[in-house]
Amino acid sequence: MSQNPKFLFVHDETRRVDEALSTKPRSYFGDALYAFRQNRSSVAAAWILLFLILFATFAPILSPYSIKDQDRIYTNYPSFLPFCGAKGWTFLGGTKTYDSQNDASMLFWQGIAQETGMDPVIKKIHTYETAGRRRGEEVVRYSYDIEVNAYYAVGNIYQVFSYKEFERLQEWQNETGIQVVYPYVHASDIEDIKNNPNLWYKVTEKGVADLDEEGRFIPVYATNKEDEGAAYDSLRIPGDDGSYIYSIKKSGAVQCRINYYNYYRYKNGHEPMYLFGTSLMGMDLFCAIGMGARFSLLFALLVAGINMVIGILYGSLQGYYGGAVDMTLDRICDILSGVPFVVVATLFQLHLSQKVGVVPSFLFAFVLTGWIGVAALTRKQFYRFKGMEYVLAARALGASDRRLMFAHILPNAAGTLVTSCALIIPAVISQETALSYLGIVDLSSFTGTTLGTLLSQGNASATTAPNSILWPSIFLGLLMISFNLFGNGLRDAFNPTTRGTGN
Amino acid sequence: MIKYSLQRIFYMILVFFIIMLMCFVLIRMLPLPVLPPDDPHTQVVEMRREAMGYNEPYLVQFGLFIRNIFTHFDWGVSDKLYFGQEVWEVFKEKLPATVIVNLYSILLSIPIGIFLGMLAALKKNTWVDYTISTLVMAVISVPSFVYAFLIQYFFCFRLQWFPFVMESGTDYFSPEMLRSLVPPVLALSFGVIAGFTRTTRAELAEVLDSDYMLLAKIKGLTVFQATIRHGLRNCFVVIVPQIFGEFLGILSGSLIIEKIFAIPGVGALTLNAINGPDYNVFMLSTAFYTAIGLAAGLVVDLSYGFLDPRIRMGAKE
């Protein structure tokens with residue numbers, strides 16, 4: 001064979017075979033997963049969702065409080081960590097803003113700071129000067145907008161103890177060296193002001209500090225030993241020569257002036273730590289949101305699961321048999337879906353909550369109408385697939401109705417159904433929150449609290465304590481958005497017709 | 001078409017009555033609230049109960065109930081909340097507030113929603129579209145009461161532009177009243193606007209790619225003219241039913257908004273009836289919400305047929 005120099009046979013000697021497929025085959029679900037990953041917003045939503053679920057799982061564990069810890073003083077208080085409070089930071093320092101404080105009220109804050117050693121005033125934001133006339137003389141008055149550490153600002157409170165409890169408190173004081181009990185002050189010494197335990201100095205009739213010539217407070221602590229409620233053998237405040245009394249008699253018990261912040265440490269074993277602040281009931285919001293979210297998520301999952309099962313069975317029957325069966329079952333759906341959900345929830349609550357409990361009756365309300373959407377979806381899929389040749393072939397081979405329905409036709413609908421489940425969950429959470437917000441369903445005996453309850457408590461005090469509504473709202477908003485984005489992403493990923501269209 | 005409509009209406013009424021029967025029996029099965037012993041109205045209410053047939057079988061009771069409604073529109077007497085008053089009279093007083101709030105909200109939402117949707121469709125796959133679509137997604141997901149809180153906190157408390165709750169009184173068009181209605185209307189509108197935007201965007205984006213739009217532009221129409229005259233008109237086949245549906249839908253969905261902004265409407269009445277409990281009032285509001293829900297579905301279905309001959313159901317003959 002002569003070689004033509006102009007032409008060379010490239011594959012002259014080599015054997016030509018098909019290359020083995022080197023890439024991995026991609027399954028239906030793998031393909032859907034790939035499509036899902038292409039959708040950046042859904043992936044982000046999935047991560048946020050994971051974070052929120054982790055939050056719901058671990059927040060109640062991480063919080064030093066349980067849902068049953070309800071503080072009676074620290075209600076609707078801002079976010080606070082002891083470290084930030086001690087540093088005097090605005091951030092996480094239990095900060096509340098007080099407007100137009102005059103010099104007299106600044107003295108009051110100073111009094112608390114001097115007695116307890118914890119200065120409630122974080123900083124002055126604004127200082128206003130107003131010139132005015134007083135008794136014919138020009139005077140300049142100052143007023144301030146200040147940021148106050150609400151936890152320190154409580155200062156002292158009156159509290160009644162049994163003798164035993166009082167002894168225990170003294171022992172604790174001796175062990176830790178933290179001053180809880182402060183010398184008693186008789187109301188007669190402070191111009192008969194009975195409702196202000198933070199006055200320990202001479203005051204004028206208006207309750208303003210009456211200073212001595214050098215501008216210092218004049219202590220008016222009680223010294224009459226006859227009034228003393230119980231023996232006191234523990235820490236004494238500086239400046240006490242042993243004559244101050246620390247309690248008075250109060251019908252078989254003793255009444256004391258105690259520093260609430262330190263008393264809190266005695267009672268709970270640690271300083272207050274409220275990352276999100278406290279709710280109206282004095283719960284730790286961090287823990288309460290976690291508990292509420294736990295319930296919401298689990299409940300929604302349960303509802304979605306039950307609705308899926310009922311809906312699939314119902315829809316399969318409808319779709320597979322068609323005709324009169326379909327017609328009859330459809331009419332039942334029409335009637336059930338016509339009942340407003342509020343009415344269903346209310347009626348179930350009124351009828352069943354006494355007999356089977358709040359949560360089961362609430363569950364029944366969701367199940368009664370919730371499956372209709374799933375049934376419609378299943379029915380549609382059945383109509384699409386039941387006429388296909390492979391079904392006919394299976395029938396010709398003698399497959400039973402049940403086998404045709406659940407082994408041959410239903411798997412086609414699996415993707416759509418599973419993804420619809422991801423969209424049922426946020427809807428259930430939203431409705432559940434709405435109903436518990438409205439107070440139609442009271443779940444707090446079961447879970448301690450729910451997001452809806454927290455929201456309605458927060459709404460009642462939104463102006464004085466915005467954080468009590470801010471955190472539950474943010475949590476719910478994020479949860480809803482991420483769940484919906486995630487669900488939509490899943491739906492698009494499993495739906496081949498929307499694939500590759502860009503968005 | 002008329003035959004089909006009549007069929008649907010008849011069917012709707014049938015479903016309505018079945019639902020009413022179910023709710024009626026379930027409500028009558030509940031223990032009755034105890035009447036105050038020495039109130040002069042107690043006797044009246046007891047006599048009314050006797051006349052309503054509280055001691056008869058449930059079906060007879062329902063028959064009496066229906067007969068009273070049909071003969072002199074008598075829905076019974078409130079026995080707790082508005083002691084001794086006709087339920088329908090109470091309800092009639094509450095209805096305008098709800099309708100007004102919803103009407104304003106829908107009137108506000110239609111132009112904004114359609115405008116945003118058009119903008120997104122015309123600027124498809126640009127940052128404008130992405131921003132609008134993302135916002136729509138977020139707004140649709142978050143329950144409306146969360147906006148209500150935000151609006152109440154920022155506009156009513158921080159900025160003090162609007163009062164916290166709705167003005168009392170029935171003068172629905174006075175300036176103070178209109179100002180106090182802004183927050184609830186806004187809170188209700190967010191979701192509706194987002195709904196309209198999404199529908200308009202989806203429909204218009206599809207329509208804009210069609211051949212007749214190309215032809216319209218070739219004829220020399222500007223993009224704006226072509227969109228308004230040809231594009232949007234075709235979108236209305238979907239948007240108009242949605243407007244009806246949303247109007248009727250939020251009429252029943254504003255329960256929470258009514259509570260937050262203290263609107264003296266049907267929602268508040270229903271909640272009070274549930275917490276009362278005042279079963280006659282509850283029965284009436286159940287009937288109201290059921291009717292609204294069914295009517296919304298019906299109107300949406302029928303308006304499709306009226307607007308677009310291509311999807312007319314009864315046109316087979």
Original post:
Of everything in the stretch B:120-138 that's in a helix (DSSP H, G or I) and facing chain A (nearest Cβ under 9 Å), which residue is surrounded by the fewest Cβ atoms within 10 Å (Cβ to Cβ)?
Top reply: B:THR134
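Those residues that are assigned to a loop (DSSP other than H, G, I, E, B) and either open to solvent by 40 Å² or more (accessible area, probe 1.4 Å) or touching an Asp or Glu at 6+ places or on another chain (Cβ under 8 Å) (or both), I need them from the stretch A:88-141; list them, please.
Initially, the stretch A:88-141 is screened for residues assigned to a loop (DSSP other than H, G, I, E, B), giving A:88-92, A:94, A:117-120, A:135-136.
Result: A:GLY88, A:TRP89, A:THR90, A:PHE91, A:GLY117, A:ASP119, A:ARG135, A:GLY136.
So that you can scan it fast, the table gives a plain yes or no per residue for (1) at positive phi; (2) without any contact (Cβ under 8 Å) to a residue 12 or more places away in the chain; (3) polar (S, T, N, Q):
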residue: A:ALA153; (1), (2), (3): no, no, no
residue: A:ILE157; (1), (2), (3): no, no, no
residue: A:SER162; (1), (2), (3): no, no, yes
residue: A:GLU165; (1), (2), (3): no, yes, no
residue: A:GLU175; (1), (2), (3): no, yes, no
residue: A:VAL185; (1), (2), (3): no, no, no
residue: A:LYS194; (1), (2), (3): no, yes, no
**OP:** Mind listing just one residue for me: the one in the stretch A:142-193 that is in contact with a strand residue (DSSP E or B) (Cβ under 7 Å, 6 or more places away or on another chain) and of a type in the set (D, E, K, R) and, of those, most open to solvent (accessible area, probe 1.4 Å)?
**Re:** A:GLU191
Subject >> Filter result (crowded, with 20+ Cβ neighbours inside 10 Å, in contact (Cβ under 8 Å) with a residue 24 or more places away in the chain and closer than 21 Å to A:THR97 by Cβ) within the stretch A:434-466 >> reply: A:GLY458, A:ALA465
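Between A:SER436, A:SER444, A:SER461, A:SER468, which is under 21 Å from A:VAL342 (Cβ atoms) and within 14 Å of chain B (Cβ to nearest Cβ)? Show your work before the answer.
On the way: A:SER444 fails: within 14 Å of chain B (Cβ to nearest Cβ); A:SER461 fails: under 21 Å from A:VAL342 (Cβ atoms); A:SER468 fails: under 21 Å from A:VAL342 (Cβ atoms).
The unique qualifying residue is A:SER436.
Keeping to the stretch A:160-216, report how many residues are outside any loop (DSSP other than H, G, I, E, B), β-branched (Val, Ile, Thr) and in contact with an Asp or Glu (Cβ under 8 Å, 6 or more places away or on another chain).
Here is the first cut: in the stretch A:160-216, the residues outside any loop (DSSP other than H, G, I, E, B) are A:160-161, A:163-176, A:181-182, A:187-190, A:201, A:203, A:209.
Now restrict to residues that are β-branched (Val, Ile, Thr): A:160, A:176, A:181, A:190, A:203.
From the residues that got through so far, the ones that are in contact with an Asp or Glu (Cβ under 8 Å, 6 or more places away or on another chain) too are A:203.
Matching residues across the stretch A:160-216 total 1.
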**OP:** Enumerate the helices (runs of 4 or more DSSP H) found wholly within the stretch A:328-397, keeping only those where 2 or more residues are more than 23 Å from B:LEU26 (Cα to Cα), more than 13 Å from every other protein chain (Cβ to nearest Cβ) and open to solvent by less than 20 Å² (accessible area, probe 1.4 Å).
**Re:** A:358-385, A:389-396
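Taking the stretch B:49-67, which residues are more than 19 Å from B:GLY276 (Cα to Cα), assigned to a helix (DSSP H, G or I) and open to solvent by less than 60 Å² (accessible area, probe 1.4 Å)?
Narrowing the stretch B:49-67 to residues more than 19 Å from B:GLY276 (Cα to Cα): B:50-67.
Now narrow it down to the ones that are assigned to a helix (DSSP H, G or I): B:50-51, B:58-67.
Answer for the stretch B:49-67, where residues must be more than 19 Å from B:GLY276 (Cα to Cα), assigned to a helix (DSSP H, G or I) and open to solvent by less than 60 Å² (accessible area, probe 1.4 Å): B:GLN61, B:PHE62, B:GLY63, B:LEU64, B:PHE65, B:ILE66.
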**OP:** Output the residue which, of all residues in the stretch B:26-40 that are open to solvent by less than 80 Å² (accessible area, probe 1.4 Å) and more than 10 Å from chain A (Cβ to nearest Cβ), is modelled with the highest pLDDT.
**Re:** B:ARG28
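Considering only the stretch B:144-166, state which residues are crowded, with 18+ Cβ neighbours inside 10 Å and touching a helix residue (DSSP H, G or I) at 6+ places or on another chain (Cβ under 7 Å). Please lay out each step first, then the result.
Step one: of the stretch B:144-166, the residues crowded, with 18+ Cβ neighbours inside 10 Å are B:144-153, B:156, B:162, B:166.
Listed by number, the residues that qualify are B:SER144, B:PHE145, B:VAL146, B:TYR147, B:ALA148, B:PHE149, B:ILE151, B:GLN152, B:CYS156, B:PHE162, B:MET166.
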**OP:** Taking A:ALA288 as meeting all but one of (1) small (Gly, Ala, Ser); (2) under 15 Å from A:SER468 (Cα atoms); (3) in contact with an Asp or Glu (Cβ under 8 Å, 6 or more places away or on another chain), write down the number of the exception.
**Re:** (3)
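Per-residue answers, yes or no, for (1) closer than 19 Å to B:ASN272 by Cβ; (2) part of a helix (DSSP H, G or I); (3) in contact with a helix residue (DSSP H, G or I) (Cβ under 8 Å, 6 or more places away or on another chain); (4) modelled with pLDDT under 80:
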| position | (1), (2), (3), (4) |
| --- | --- |
| B:PHE24 | no, yes, yes, no |
| B:GLN43 | no, yes, no, yes |
| B:ILE69 | no, yes, no, no |
| B:TYR82 | yes, no, yes, yes |
| B:VAL99 | yes, yes, yes, no |
Subject >> Top-ranked residue of the stretch B:2-22 - restricted to ones that are open to solvent by 100 Å² or more (accessible area, probe 1.4 Å) and either within 14 Å of chain A (Cβ to nearest Cβ) or under 28 Å from A:GLN349 (Cβ atoms) (or both), ranked as modelled with the highest pLDDT >> reply: B:PHE10
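The values are calculated or read from the model by the stated rules, or taken from the named source; none is laboratory data. Since this is a predicted model, take the numbers as computed values, not measurements. Here Cβ is always computed from backbone atoms with ideal geometry, including for glycine, and neighbour counts include all displayed protein chains. Ligands, DNA and RNA are excluded from the accessible area calculation, which covers all protein heavy atoms including side chains. Shrake-Rupley method; radii C 1.70, N 1.55, O 1.52, S 1.80 Å.
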